[in-house]
1. Leaving ligands, DNA and RNA out of it, rank ARG99, ARG107 by accessible area with a 1.4 Å probe, largest first.
2. Beta carbons within 10 angstrom, averaged per residue: use that to sort the peptides 190-200, 54-64, highest first.
3. Quick one: if the Förster radius is 60 Å, what FRET efficiency do SER222 and LEU378 give, using the C-beta to C-beta distance and rounding to 0.05?
4. For ILE204 and PHE325, calculate 0.36 nm times their separation in residues minus their Cα-Cα distance, and state this gained length in nm to one decimal.
5. Relative to the present Cα-Cα distance, how much length would full extension add between VAL295 and ILE193 at 0.36 nm per residue of separation?
6. I'd like the accessible area for HIS168, computed on protein heavy atoms only with a 1.4 Å probe and all protein chains in place. Round to 10 Å², please.
7. Please provide three numbers in whole Å: the alpha-carbon extents of segment 263-383 along the principal axes, with the largest listed first.
8. With θ set to phi - 60°, apply the Karplus curve 6.51 cos²θ - 1.76 cosθ + 1.60 along segment 334-351 and write out the HN-Hα couplings as whole Hz, x wherever there is a Gly or Pro.
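The values are calculated or read from the model by the stated rules, or taken from the named source; none is laboratory data. Everything quoted here is computed from the prediction, not taken from an experiment. Neighbour counts run over all protein chains shown; Cβ positions are idealised from the backbone, glycine included. Keep in mind that these areas ignore ligands, DNA and RNA; they rest on the heavy atoms of the full protein, side chains included. Shrake-Rupley method; radii C 1.70, N 1.55, O 1.52, S 1.80 Å.
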Amino acid sequence: MGEPEKFNEKERVSGEVIRSGPASPTVPVLPTVNPEVEKQQPPASKIHPAFYVITWITLSSSIILFNKWILDTAKFHYPITLTCWHLTFATMMTQLMSRTTKLLDGRKTVKMTGRVYLRAIVPIGAMFSLSLICGNLTYLYLSVAFIQMLKACTPVAVLLAGWLMGVHKADMKVLFNVSIIVLGVIIASIGEIKFVLIGVLFQIGGIVFEAVRLVMVERLLSSAEYKMDPLVSLYYFAPICAFMNFCVAMVFEIPKIQMTELQNVGLWTLLANAVVAFALNVSVVFLIGRTSGLVMTLCGVLKDILLVAASIAIWGTPISALQYFGYTIALCGLVYYKLGAATIKAQFSDMGRAWAEYGAKHPALRKLIVIGSVILLLFIVLGGLAPTVGYDSTYLTSVIKEGDKAPNQN
């Protein structure tokens, strides 16, 4: 009697095997695979997606406020040098992470050659550098609130750049939809109290360069062999961008920098600034992997609103009623353009059902929320229509001084 026949543990079981049990013994069963050797699914992440959302919003808002503080409040008027420092730090960190972590393993699937690097990565890096330089120069002239309002035009610029570069076909219906964003930004610009033309031109330049960069990246990533997440992209773009920024800074800024200016800002402050900027790029990778496009769009809108509020709270930025109105139109147009009517309608339908279910379970709380919302809305509207109450500090000081002098004269 020979040895029993050996089978591969992954070998499919023949369809002629008879199933035990009450079923007919003559009916063949479908081929199966040994369940013990099936590939196990990776464990789901224990971290709630809200953590990644909050982290991204916090870091994204922090780096904008941080840059504004360094360049304007701390009087370090060297935006190109600051950008160069960010990119140099990002280069060092991505090189370190590629050797010590798995976050950059995606680069192994990218077929990067010297020819591709020169023809694709270098031009994109040039656009990236110019957009960062113009964006940081804007902080010297405009408020954070007004900058965020102007940035609402970025999707419009990307759309037009895609048409001009032949990546997308022109669509007049889409152009009409995004015109709502442009209209809102124009209204907000008219209502801007501290309008500085050179600052607006720098911001427009930054938006144009960023739009061209995004279209070039889209064209590059259209090939499956060049798919890259944001962190892998930074791994390739940061070195060339840092070099370009350094060359420009050596001509225009670095010879003018004084040691007292560096000491005034603080080396630890600059290090913390670079860490926050790099952490933002890392957070984007996790945010994309854990959330949907809808969540990212709404998070971006929420971030912009929070930045406007932070600008008002920290620097006392004056915002006119016309700006509020224009920015609201721009944000609504932005959400409509990115999500589409069908998605928005579906979301409102889901919200309506959830609100109805909540009202059925908690009728008293629902009424309280409605009444509170109406009161809050009336307070905001009446507060906006009411005349501004304030005082002139110079006038008040002179009145106090005159009051002190009166008794002495008697």
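1. ARG99, ARG107
2. Listed from highest to lowest mean packing, they are 54-64, 190-200.
3. E between SER222 and LEU378, to the nearest 0.05, is 0.70.
4. 41.4 nm
5. On the way: separation 102, 0.36 × 102 = 36.72 nm, distance 3.29 nm.
So the extension gain works out to 33.4 nm.
6. Here the residue's solvent-accessible area equals roughly 80 Å².
7. Principal extents (largest minus smallest coordinate, Cα): 60, 40, 29 Å.
8. 5, 5, 5, 5, 7, 9, x, 5, 5, 5, 4, 4, 5, 5, 5, 5, 5, 5
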